[in-house]
Structures are given as structure tokens and as C-alpha cells.
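The structure under discussion appears below in the form of C-alpha cells.
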Amino acid sequence: MLKVASSHRMELPREVIIGDGTLPEIGELYSRLGLAGPALVVTGHKTYDVAGREVGSYISEQGVEVRYVKADKPTIGEVRRVEAIAREMGVKAIIGVGGGSKIDMAKLAASHLGIPMISVPTTASHDGISSPFASIKGLNRPYSVRAEAPTAVLVDMDVIVDSPPRLVASGCGDVVAKFTAVRDWRLAHERNGEYYGQYAASLALMSARLVVRNAERIGNGSREGLRVLMEALISCGVSMSIAGSSRPCSGSEHLFSHALDVIRPGGALHGEQCGVGTIMMAKLHGLRWRKIRSVLATIGAPTDAEGIAATPEQIIRALLMAPEVRPGRYTILNEVRLDEVAAARLAMSTGVIK
Ligand SMILES: [Zn+2]
């Protein structure tokens with residue numbers, strides 16, 4: 001029997017600022033949000049120099065006390081450390097400045113403390129920039145946990161254009177993944193009556209289509225192309241807020257990536273693994289997987305096991321483990337039920353393993 005979700009909460013960023021040279025606007029933004037009081041900037045050792053220090057200085061120009069935390073790996077222990085500093089200072093907001101993990105830590109800490117969070121990405125590497133979810137290690141699950149959507153997102157394209165091409169390619173993999181994620185979501189709706197939001201699904205798909213259409217420009221590292229990618233990543237985050245879950249953005253291809261992280265942690269970037277997963281899951285869904293593979297290649301994203309530093313055995317193990325990684329997330333892998341032979345055949349037929 002099909003059922004519609006009785007209710008869910010859509011929490012969206014109040015303000016998104018994107019453009020060239022926008023960093024100095026953070027000071028005014030902080031005041032405009034009514035945040036009269038100290039701020040904590042969570043950043044990384046490298047991203048402190050890239051943008052973190054500057055972000056803090058623009059906020060302190062407003063007469064606000066600013067403190068910095070240079071965070072390490074995104075573990076729950078680091079999140080607790082950020083929370084303790086924030087509590088001690090009585091901060092009014094946490095600003096996450098970095099690639100992905102610093103934003104995730106800032107997001108989860110702010111959510112635990114019930115205070116606003118401002119997201120200032122320094123790369124276009126994944127869709128957590130604006131989403132209400134955070135990827136944190138040490139919580140006994142390889143997938144993201146619920147936090148709150150950032151209150152505001154500020155993107156300075158001058159910073160993004162200088163980020164490494166590999167991170168850009170990873171961001172594209174995370175967006176292209178929406179082709180299979182949305183299919184999996186629809187399947188879960190048809191089979192299990194799970195809530196399916198057409199608006200959220202369309203928004204995620206539109207982002208994926210725009211990245212496909214702009215693959216060459218993104219691959220060339222052009223400012224226009226990167227802006228399309230950045231807006232696509234932000235829209236994907238918003239689609240999760242609208243859906244009230246990560247469903248429009250995370251399906252079987254993400255389960256494959258999460259499984260690979262369990263099998264051999266830290267081997268490749270999240271979006272790189274999701275991109276390779278999308279090629280295989282697209283084939284299972286009867287989608288145009290060759291097209292997806294060629295788009296990823298055009299962008300410079302990996303399309304095979306070697307590209308994501310995995311052995312053929314690890315790819316096969318990840319395919320077999322994927323349906324068990326996140327109980328309750330129904331995907332094409334629950335229908336196809338790959339055994340070792342079928343998993344190897346799928347990986348070989350799509351060129352993921354030779
Ligand atoms: Zn993702």
C-alpha cells in the first residue's frame with residue numbers, strides 16, 4: 001500500500017551568497033542575521049590560510065569577538081571539542097570554513113548547541129555545503145547523520161577557482177550520483193510506500209543534468225563551469241532539506257561508496273567513489289551508464305577501480321556489502337541481489353574492473 005509522509009520539516013538556508021570576491025560580505029551577513037555576540041570559526045590548517053583567517057577578520061571588523069579552531073579529522077571527538085570551546089565562549093554562531101569535513105563538524109556542533117551555522121566552502125567537492133546532514137566518523141555508521149541546514153551559505157568563486165581540480169571532479173561525481181539516487185528513491189516509494197517528493201527529486205535531477213551539460217566547461221576549470229557546479233551542489237543540499245532526508249541525493253551508488261570506506265578507509269574522495277558507483281548502478285537501473293562514464297571522464301573524474309585506488313576484489317566486496325551498509329535504505333541492490341559472480345560481471349561489463 002502506498003502512503004504519503006504525514007509531515008516533515010523543511011529547513012532551508014535563510015541566505016545564500018555566491019559570486020566573485022564575496023568573502024568580505026561575511027561581516028555584514030553576520031550582523032544581518034542578528035548575531036550580536038562572539039563567533040567561532042572552525043577551519044583546517046590549510047583552509048585557515050586559504051579563507052579562514054580572512055573570514056574571521058571581516059567578522060571581527062563588526063566589533064565581534066572571534067576565535068578560531070583548527071580542527072583535525074572529522075571525528076565525534078573533534079565535534080565535542082568544538083562544542084566545548086563554543087560553550088565556554090558563549091558563541092552566537094559557528095562558521096565552518098573549509099572543504100567538506102570542517103563544514104560538517106561546524107554544522108553538527110552548531111546543531112547540538114542549537115545555534116546558527118554559516119557555511120563557507122573553499123572547494124566544490126561535495127553536496128554537504130548546504131545540506132542538513134553531516135559526515136562524522138566514530139558514530140558507528142559510515143553514512144551521514146542528521147544535523148541542521150546552515151543558516152547561511154557564502155561562496156566566494158575567487159576561492160573556488162583556486163581549489164585543486166581533483167576536488168572539482170569529486171564534486172561532479174557527487175552530483176552525477178543523483179541520477180541513480182532519485183531512481184532508487186522512486187523504487188523505494190513504489191515498493192515500500194516510502195515518501196517520495198517530486199519537487200526534491202526534480203531539483204536533484206536538474207542539478208545532475210546541468211553538470212552533464214557543462215561537463216567540458218567544468219573539466220576546463222572555467223569560472224562559469226565551476227559556478228554551475230557550485231550552484232548544483234547547493235541545490236542538491238536544498239533538495240535534501242525539502243525532502244526531509246538524504247534520499248534525493250544518496251542511493252545505491254552512495255551505499256557502494258560507504259561500503260568501500262568500510263573495506264579500505266580513506267582510499268579516495270567521497271564524490272570520486274560515488275561517481276564510479278553511479279556508472280554501475282546506472283547499468284542496473286537500465287540508465288545510460290556509458291553516457292555517465294563519458295561525462296565523468298570529460299570532467300577528469302575517475303571511472304574505474306584504479307582511479308579510486310581499489311583492487312578488483314575490493315570493488316566486488318563493496319558491491320556485495322552495499323545493501324547491508326544502511327538498513328532501511330531500499331535501493332536497486334535489494335531487487336537485483338548480486339552474488340559474487342554477478343557483482344564481478346557488473347564491474348567488468350562497465351569497465352570498472354578489467
Ligand atoms: Zn554524497
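Just a few scattered comments:
- Magnitude of the charge dipole, the chain, Cβ model with Lys/Arg +1 and Asp/Glu -1, debye to 20: 920
- The share of C-alpha pairs in the range 1-75 whose separation exceeds 22 Å stands at 40 percent.
- Those aspartates and glutamates that a straight Cα-Cα span of less than 13 Å connects to Lys92, excepting residues fewer than 8 apart in one chain: Glu65, Glu83
- Listed from fewest to most Cβ neighbours within 10 Å, the set Val79, Val262, Val66, Val175 follows the order Val262, Val66, Val79, Val175.
- Listed by chain and number, the lysines whose C-alpha is less than 20 Å from the C-alpha of Lys283, apart from same-chain residues fewer than 8 away, are Lys178, Lys291, Lys354.
- In a fully extended conformation the segment linking Gln198 and Val341 would gain 47.9 nm over its present Cα-Cα distance, using 0.36 nm per residue.
- The stretch between Glu61 and Met89 holds 8.2 nm of extra length on full extension. This uses 0.36 nm per residue minus the Cα-Cα distance.
- Overall form of the range 158-267 per C-alpha gyration tensor (a/c, 1.5; a/b vs b/c): oblate
- Separation of the Arg80 and Glu28 label points, Cα + 7 Å toward Cβ, nm: 4.2
- Tensor-based shape of the chain (alpha-carbon gyration tensor, a/c under 1.5 rounded, otherwise prolate or oblate): prolate
- Global geometry of the range 165-349, whether rounded, prolate or oblate, following the gyration tensor of its Cα atoms and the 1.5 cut on a/c: oblate
- Share, in percent, of DSSP beta bridges within the chain that are antiparallel, nearest 5: 10
Just so you know, all these numbers are worked out from the coordinates, no wet-lab data involved. Quick caveat: nothing in here was measured; it's all calculated off a predicted structure. All Cβ positions, even for glycine, are placed from backbone atoms using ideal geometry, and neighbour counts span all protein chains on display.
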